[in-house]
Amino acid sequence: MAIETNPTWILVSIISFTVVSSVVSSSFDYGLALSKSLLYFESQRSGRLPTIRVHWRGHSGLTDGLEQGVDLVGGYYDAGDHVKFGLPMAFTVTMLSWGIIEYRDEISSAGELDHALEAVKWGTDYFVKAHTHPNVLWAEVGDGDTDHYCWQRPEDMTTSRQAYKIDPENPGSDLAGETAAAMAAASMVFRESNPHYSQLLLHHAQQLFEFGDKYRGRYDRSVGVAKSYYASVSGYNDELLWAALWLYRASGREEYLRYAIDNAHSLGGVGWAISEFSWDIKFAGVQILASQLLLQNKHHKTHQHNILKKYQSKAEHFICSTLNKSKEGQNAHRTPAGLLFIRQWNNMQYVTGATFLLTIYSDQLNKSKQRIQCPLGSVGPEEMLAFAKSQVDYILGSNPQGLSYLVGYGSRYPKRVHHRGSSIVSYKENKGFIGCTQGYDQWYGRQRDNPNVLVGAVVGGPDLHDNFRDVRGNFMQTEACTYNTAPLVGVFAKLRMLEEVKYEEMVMPLVSSA
């Protein structure tokens, strides 16, 4: 049967769909960015690897902990070297978990939930192993000094794998607190899909928090080899508050909220007004978490409400400073092209952390239909999200260099990342052993691109003037870290969903009119 058609309608429809496609295609592919970001964590795995999607990686660190009589195989390498540093690893897992908690449906809709769960579990499986006694946590495997002397593939590693721990005689409240936060947050992630594992993680988190709170001290004073690489400059007060709030969210037990309320002043939670958020300085994250409780009305007493309001005041200082809505001298710096700039060394970690906090706070304000009042004017959730998106778009290529700082995304991205495994031919292609200094002689100084692409890694990024040198030895800009990428997982998923909704809103009227 022939169907009558209207040539004019067809022409209008074609033009309309062409316009819609043009508008949508001008945005970045956040779904692809999400997929690539999760792939990065497979590149950073230590231990006996299952069948993974990163073809150039293999087993490594299979004797970790052997000398100390403990199984410490697994976990993540933090960056371009092969030390397993506990503090940044735990922060990475906390941020991955937080992203899944906030944007689980969005990650699932993108078809990436299984990969996200795997990324978290690879870290928490290691933490379970490393927490060998209620008051003992293995803090580090390997040391930066001997590791940096060599340039090898992880599969060839000949550097020291000595392990270091914290215990009552050698405390580390910051490390215990962050690991407790990671396991508490992860317990929420696995609550429905793996309830037994979720309870196991919560049990470990509670023990670690008690350990860290009872035996107080900075971990970098107990584990001296960490100090030159991941010194706990902020101390442990922020991590204790951070852990308490995560345990409250995970368990619902009032004692943890009371801890965050009763210690808000003494531990600096309502005293520090901070303009950065990182693996070391968690105060802004603590304040945002507390503000979420306030906005969700998850408190019962006037005293709690008043203290949470003080947390919120400091959280909003962070927001206002980041958006350049504070008084002169209190705003975060930006590059000429608009990228947040906190510090010369690996600045992108501060960008991605701030982007995540802005995104989730924007969501919370949107749900509660509120705005915040900054010194330079009122700010709503739309403005917060728009700025967060501008930072993501800068990372993906909307910058003066026209370069994606997410490796493997787009046509132009850093090709000489400061990363041992990426910069040396894969052992699957060349099974010959590459010695400690041989890697420096043959691979480190090469002027050619890395033979293996470190897909999904977020490198340190440009300088204060938006300049970037893609040179392997320029480690301040070309080294990538797990905690750079981790905060973006949830944000990519959120932005992808917004783009999908926007597309449907533009297309559906055309379909309806047909």
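The values are calculated or read from the model by the stated rules, or taken from the named source; none is laboratory data. Since this is a predicted model, take the numbers as computed values, not measurements. Note: ideal-geometry Cβ built from the backbone for every residue, glycine included; neighbour counts use all protein chains shown. All accessible areas refer to the heavy atoms of the entire protein, side chains included, with ligands and DNA or RNA removed. Shrake-Rupley method; radii C 1.70, N 1.55, O 1.52, S 1.80 Å.
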Note to self: If packing is taken as the average count of other Cβ atoms within 10 Å, what order do 91-100, 307-316, 490-499 fall into, highest mean first?
What the structure shows: 91-100, 490-499, 307-316
Note to self: Quick check: convex hull over the Cα atoms of the stretch 271-394, volume per residue in Å³, rounded to an integer?
What the structure shows: 105 Å³
Note to self: Using only the alpha-carbon atoms of the stretch 206-350 as identical scatterers, what base-10 log of I(q)/I(0) does the Debye formula give at q = 0.14, 0.15, 0.21 Å⁻¹?
What the structure shows: -0.73, -0.82, -1.29
Next item on the list: Two decimals is fine: what is log10 I(q)/I(0) at q = 0.18 Å⁻¹ for the stretch 16-164, from a Debye sum with one equal scatterer on every Cα and no solvent?
Entry: -1.07
Notebook entry, point to check: Length gain on complete extension for the stretch Ser368 to Asp145, per 0.36 nm per residue less the alpha carbon to alpha carbon distance?
Noted result: 75.3 nm
Item checked: Zone of Arg221's modelled label, taken as backbone nitrogen in the stretch 142-171 under 16 Å from a point 7 Å along Cα→Cβ -> 166-171
Notebook entry, point to check: Which three extents, in whole angstrom, do the alpha-carbon atoms of the stretch 253-308 cover along their principal axes, largest first?
Noted result: 30, 23, 19
Checklist line | Debye, to nearest 20: dipole size of the chain, +1 on Lys, Arg Cβ, -1 on Asp, Glu Cβ | finding: 440 debye
Next item on the list: Give, as a single signed number, the net charge of other residues whose beta carbon lies under 13 Å from the beta carbon of Gly439, with Lys and Arg counted +1 and Asp and Glu -1.
Entry: -1
Item checked: Charge sum, other residues only, whose C-beta stays under 13 Å from Arg448's C-beta, Lys/Arg counted +1 and Asp/Glu -1 -> +2
Check: How high is the relative contact order of the stretch 162-309, given as a whole-number percent (alpha carbon pairs under 8 Å, six or more residues apart)?
Finding: 23 percent
Item checked: Filter on Lys84/Lys415; Lys121/Lys165; Lys282/Lys428; Lys84/Lys214 - keep pairs with C-alpha separation over 29 Å -> Lys282/Lys428
Next item on the list: Evaluate the distance, in nm, between pseudo-label points positioned 7 Å from the Cα of Gln344 and of Thr51 along their respective Cα→Cβ axes.
Entry: 4.8 nm
Check: Using alpha-carbon pairs under 8 Å, 6+ residues apart, how would you state the relative contact order of the chain in percent?
Finding: 19 percent
Notebook entry, point to check: Once the dipole of the chain is set up with Lys and Arg at +1 and Asp and Glu at -1 on Cβ about the Cα centre, which of Tyr413, Leu175, Thr355 lies farthest towards its positive end?
Noted result: Thr355
Item checked: Cα-based equivalent ellipsoid, the chain: semi-axes from gyration tensor eigenvalues, Å -> 36, 31, 22
Note to self: Please report the carbon-and-sulfur percent of the accessible area for the chain; probe 1.4 Å, protein heavy atoms only, DNA, RNA and ligands left out.
What the structure shows: 52 percent
Notebook entry, point to check: Highest mean first, what order results for 319-331, 340-352 on Cβ atoms within 10 Å?
Noted result: 340-352, 319-331
Next item on the list: May I ask you to derive the FRET efficiency for Asn297 and Glu169 from their Cβ-Cβ distance with R0 = 41 Å, giving the value to the nearest 0.05?
Entry: 0.40
Margin query: Which three extents, in angstrom, do the Cα atoms of the stretch 438-483 have along their principal axes, listed largest first?
Written below: 34, 21, 14
Note to self: For a test of the definition: using alpha carbon positions, the gyration tensor, and the 1.5 limit on a/c, classify the stretch 159-285 as rounded, prolate or oblate.
What the structure shows: oblate
Next item on the list: Quickly rank 443-455, 171-183, 75-87 as a protection proxy: mean count of other C-beta atoms within 10 Å, highest first.
Entry: 171-183, 75-87, 443-455
Notebook entry, point to check: Using alpha-carbon pairs under 8 Å, 6+ residues apart, how would you state the relative contact order of the stretch 86-139 in percent?
Noted result: 39 percent
